[in-house]
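This report refers to the structure that appears directly beneath it.
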């Protein structure tokens, strides 16, 4: 695997870590793709669709021994190996080239977002019970926010109720696209819902930790994305009926769900974008190799001008997205997630759309093979297309960008001619 030194963190330690990760990917991850697919298929055919893949469990100790573990979590005494967002960016991009790779390094969603949430907003008791085993890779988790009955792009619409009852909260609601719930290693959820429907709209919501074995939780069905079940990770619809949890399981306190969401979704969004760039890089590589090795109408496909245009455009788009992502990462590290919200919103619009376009061109270059499972491109496309909705749809992020831009000119004395 060839990756250029494109990031701005070029200390000897960061270069060595990147080279170590590249070597691990070349030795273990890329050669393991066929085995991963075979294991998933065998489990599905045997009626064990959500069984964890042995390959990943075998590789986790090797990744940890290599010092490639929990790299995503900055400023945590529990994860001293965690890097800044800027230093993590090129490593996350490398992991993103293969969809199952982040889990090998304990750097996969939704666990990363949940670990960040617990680290920043959880009590010491919740950290000991749930964060520590997550950091150790012993369990997995899920985040339950989106609902089928409302437009969840506006989180004030969320109807799930989290109502106080003595020293407990009682939860009732239906969630979907709850990624990872089907995994038997999933031990808890972080659930967002309303604790006070009469409060001002941005303090109605709260987040609470819910053990996965709590009575009243029912997995209604597994959801597919363009026909892919994404096993063994999976995306589930979940019903919560009179689910009782201790009041101490609430994060920060009642009415602080929006505050937590901003702290959680910023890093989650930028991690997704980093992986999108890695996926686009791999698609471009596969496209170029395919074009160089195929002949049509008496000459290599790579000699045809239409492909020159697409290759050049892909390179420009990938590098543009990368530079903006690095800028957002730098701002998150230096001025904080809130001050970087414009840049985070911009990369969330740009990176998945860019990856979709590059992957689509790569599929076209592969002809019928590009639509098959002989190549990773079709599945890559579904992931990136889904990402234009996950963590907020493009339209919501564009509204955020526009509002923040217009706010610069809200005062008459700021007008410039």
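The values are calculated or read from the model by the stated rules, or taken from the named source; none is laboratory data. All figures in this text were calculated on a predicted structure; none of them were measured in a lab. Here the Cβ positions follow ideal geometry from the backbone for every residue, glycine too, while neighbour counts run over all protein chains shown.
At a glance:
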quantity	calculated
Residues of region 117-145 that turn out to be under 29 Å from residue 58 (Cα atoms), in contact with a helix residue (DSSP H, G or I) (Cβ under 9 Å, 6 or more places away or on another chain) and assigned to a helix (DSSP H, G or I), as a count	9
Per-region count, region 36-82, residues in contact (Cβ under 8 Å) with a residue 12 or more places away in the chain and under 22 Å from residue 128 (Cα atoms)	13
Given (1) closer than 23 Å to residue 143 by Cβ; (2) assigned to a loop (DSSP other than H, G, I, E, B), index of the condition residue 77 fails	(1)
Residue check for residue 263: assigned by TED's automatic domain parsing to the domain that holds residue 341 and either farther than 30 Å from residue 315 by Cα or in contact (Cβ under 8 Å) with a residue 60 or more places away in the chain (or both)	yes
Residue among 285, 237, 281 that alone is crowded, with 23+ Cβ neighbours inside 10 Å, more than 16 Å from the chain's Cα centre (by Cα) and more than 16 Å from residue 123 (Cα to Cα)	281
Residue within region 258-277 that is in contact with a helix residue (DSSP H, G or I) (Cβ under 7 Å, 6 or more places away or on another chain) and either assigned to a loop (DSSP other than H, G, I, E, B) or over 30 Å from residue 52 (Cβ atoms) (or both) present	yes
Among the residues listed as 338, 357, the single one being assigned to a helix (DSSP H, G or I) and outside the structural domain of residue 101 (by TED's automatic domain parsing)	357
Every residue from region 183-200 that is part of a strand (DSSP E or B) and surrounded by fewer than 16 Cβ atoms within 10 Å (Cβ to Cβ)	none
Residue 126 vs. criteria in the same structural domain as residue 52 (by TED's automatic domain parsing) and surrounded by 23 or more Cβ atoms within 10 Å (Cβ to Cβ)	no
Verdict on residue 363 being more than 15 Å from residue 273 (Cα to Cα) and at pLDDT 95 or above	yes
Among the residues listed as 180, 216, the single one being more than 18 Å from the chain's Cα centre (by Cα) and either within 17 Å of residue 160 (Cα to Cα) or buried (at least 19 other Cβ atoms within 10 Å of the Cβ) (or both)	216
Selection status of residue 326, more than 30 Å from residue 157 (Cβ to Cβ), in contact (Cβ under 8 Å) with a residue 12 or more places away in the chain and part of a helix (DSSP H, G or I)	yes
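Residues are listed down the side, and each one gets a yes or a no for (1) in a loop (DSSP other than H, G, I, E, B); (2) surrounded by 13 or more Cβ atoms within 10 Å (Cβ to Cβ); (3) in contact with a helix residue (DSSP H, G or I) (Cβ under 6 Å, 6 or more places away or on another chain); (4) modelled with pLDDT of 95 or more:
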| residue | (1), (2), (3), (4) |
| --- | --- |
| 9 | yes, yes, yes, no |
| 15 | no, yes, no, no |
| 21 | no, yes, yes, yes |
| 26 | no, no, no, yes |
| 30 | no, yes, no, yes |
| 34 | no, no, no, yes |
| 40 | no, yes, no, yes |
| 43 | no, yes, no, yes |
